[in-house]
Each structure stands twice: as structure tokens, then as C-alpha cells.
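A short reminder: the numbers here are calculations on the coordinates, not readings from a lab. Keep in mind that this is a model prediction, so the values were computed, not measured. So basically every Cβ, Gly included, is an ideal-geometry build from the backbone, and we count neighbours across all protein chains shown.
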Amino acid sequence: MTGSRRAVAALGRICAALVLALVLGLPGQGGAQDFSGLATVAPGGSEIRDRRGALEVTLSLSQGVPYRIFTLEDPRRLVLDFREVDWRGVDPKVLLNSDIASSVAMGPFRPGWSRMVIEVKEPLALQRADMHVDRESGAALMGARFTPVSAETFAAGAGLPAGSAWDLEPRALPAPARDPDAPLRIMLDPGHGGIDPGAEREGVVEAPLMLTFARELRDLLIRSGAEVFLTRDEDIFVSLEGRVAMAHAAGADLFVSLHADALSSGRALGTTVHTLSREASDEASRLLAERHDRGDLLAGIDLSRSDDEIAGVLMDLARTETQPRSERLADALVLSLRSEGLPLNTRPRRAAGYSVLKAPDVPSVLVELGFLSSKRDRENLLDAAFRARLASALRDGILAWKIADDTLAPLRLK
């Protein structure tokens, strides 16, 4: 990299850090200004647009809030974090008016933080960012301008800002001490959440629906004597890596990820149960795994630290002992669902490289409860009585697996 490119890259990283530092350190500009609480967005005064070869982001806010800006690559993304903005009422399709940007997503990210992620077609760098706060009303106008740079310069400046007070580590639950006779400990993972709503069809959104079902299944399992944790119990974003870390930290005996996908083309319906595999069992499962992982990309997660060699080792460890246990868990769930007479997909058992199933020492499955693209499945999942039958069948399958797994425990590697 040339000296000038290094300077530009360094400037980009400094700008990302200074935006946060300057906003947090702004002196009071009158009694009306309050850099706390939740700011709302006025859609009429907000826009993402192209201007003279650059990309400009303008947000009209009810009040000033701290923010930071940085970039990520693979794919190229501009990430704007706020503490905190309520995005309700903002239509991404109306907000985005650009040929440089291909998509925008926004929503809650972590408690106290919200995020906007703009995917761009060409490398850009932050040229300027500011927030003007009206002395009388306290309303704020936030603006950011991004200008073209070389691919090398973009790559050099991309990544999470180092040493920031907003470094967002995966949440972890403390691992309680385990007793040999302790009850089964289950981590339920309601898919998506926050900035990543998941599939949407006819006004039905995957993330809140999965949270509702996870709570219902949790209550049923607790009444059956199990200890149950949720990777999220509100509408927040949790990274795939963070979900796996939470299962480890909680000392979970098994991990069940809950989803309800939607197909953009073709037809599919009924429940499917998925396990981890280096090679997908079919093309549909491969595409499904890609869609699940893309949720992290669109939410602005930096996946550049992923290591294929380490991932391969973890996969091998999983196959040694945990993978057969995951396979038996999936089989038990399918058998229980079938026994209950619930609608199964014509191929209910599938496998692919789901990142959320890559814990090497926790039996893990991903359950697609149905397809929101199917009218029948959608109506079923909105029906509380149907969900109760579905939860009961999954509970029975889990408990049946536990009995069989305990029987095989003496044969496991020590």
C-alpha cells in the first residue's frame, strides 16, 4: 500500500472513532438538547441519495443522539450505530434513493443501540459527518457523506473501530455449576431479531413469531422439568456466533434454533429439521443456510475473522461424538411430529452448513416450523392451538431423545 493510501485508510479509521468521541463530548447547546433516550425519525426529512458522485445520508431526528460510523467488507457495507433511534415508520424502499447503494436495513441491534447498514456497490470512505441540533426544539439533523475510494483503500480502512466504548461482544450467560442429576438444560434460539426481521409474507414477520413460539415452548419444557434459556427474549439482534457462545456459557445440553423461512420461488410447506453438514443434503438446504448467514452480514457483523481451517477442525470434532447425538435428536423430533399427525415436509430431515449449529460439543438442530410463503403454514403458525400441538410434539421428541441419550452415555468418549 502506498503512503497516500495508508494515510486515507488511517483517516477513515480516525473519522469513525472521532464521530463517536465528538458527539459524546458535545457541550450543551441549550436546555432543549438532551442526548439521552430514544430519538424518532421523521421520514419526510430523511433520505439516502447520490449527489455529485458521492453517497449522502440524511436523517431527521427528534433529538440528538451519540453515533458512530464505520465500514465492513465482503460485502461492502456502511454501518451507522446510534444510541438510540426508533426506526418505526421508516420504509427502507422510500428512504433509499440511490444507484450507488443496493440495500439498506435498520433496526434494534443490542439493548440501548440501534443500527443502519447500507450495502454499497462500490468502495466508499467517510468524507464528513455531522449532527446539527436546534437550540429551541432539540430536533437534530444528522448528515454523512461518503466519497469513492479504491478497493485497496476501502479494504484497509474496513473493520470495527478499535478501542471503542461501543465494541459489541456477544452476550454471555454465566454457566452455573452442573450436578450429575441436574435437569436437562436447553438453549432455545428464536431466529433473527432486531435489525434482522427474517422472512416476511402477508404482514407476518418471522422474528416476532419465532419469539412467541420460543416462549410457549420454553414454558412447556419448564413444566416438564427442564431448565430453559433463550438466546433472546426481546426484539434484539444476536449474532450467530453470539448465539453459539450463549449455549456454551449456559452449559446447555442441547441447542434448538427455531425458524420459519419463506421461498422467493417454488413451493414448500411443512416442518423440516436440519442438522450440520459440510455438504448440504440438497440445493434448497444450501440456499437456506446462506440466507440464515446473510442475516449477520446485513446486520453489520464483521465476519473477516472467520477461519476456514479452525472451522474444519470444529466440524471434525462435532462429527466424532456430538454430531451423531444431533442426528438422533433430529430423528426423534421428526418421529414425534409425525406421531402427532403434524404437517411435515416431504423431506423432513435435511442438513447444511448452518453457522448457528457449529458448536462442537452441544447437540444442535435447526427446526423450520413451516414456510411463511405457504398460506397453509402461515395460517397454522398464527393459530395458538396449532402452535401448542407443535410445541407439545417438540417437547415429547426432546424428552424421548434425552432418555435414549442417557442410555448411550456410558459408551461416549471420556
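Here are some notes:
- Scoring 122-135, 348-361 by mean Cβ neighbours within 10 Å over their residues and listing the highest first yields 348-361, 122-135.
- Packing-based ranking, highest mean first, of 95-101, 193-199, 247-253 given that Cβ atoms within 10 Å are counted: 193-199, 247-253, 95-101
- Environment charge at V104 (Cβ cut-off 14 Å; Lys +1, Arg +1, Asp -1, Glu -1): -1
- Under 12 Å, Cβ to Cβ, from N380 - net charge with Lys/Arg +1 and Asp/Glu -1: +2
- Order by protection proxy (mean Cβ within 10 Å, highest first), peptides 224-234, 43-53, 70-80: 70-80, 224-234, 43-53
- Local electrostatic count, L254, Cβ distance below 12 Å [Lys/Arg +1, Asp/Glu -1]: -1
- Of the GluC sites (Glu not before Pro) found in region 328-391, those in coil by DSSP whose Cβ has at most 15 other Cβ atoms within 10 Å are E340.
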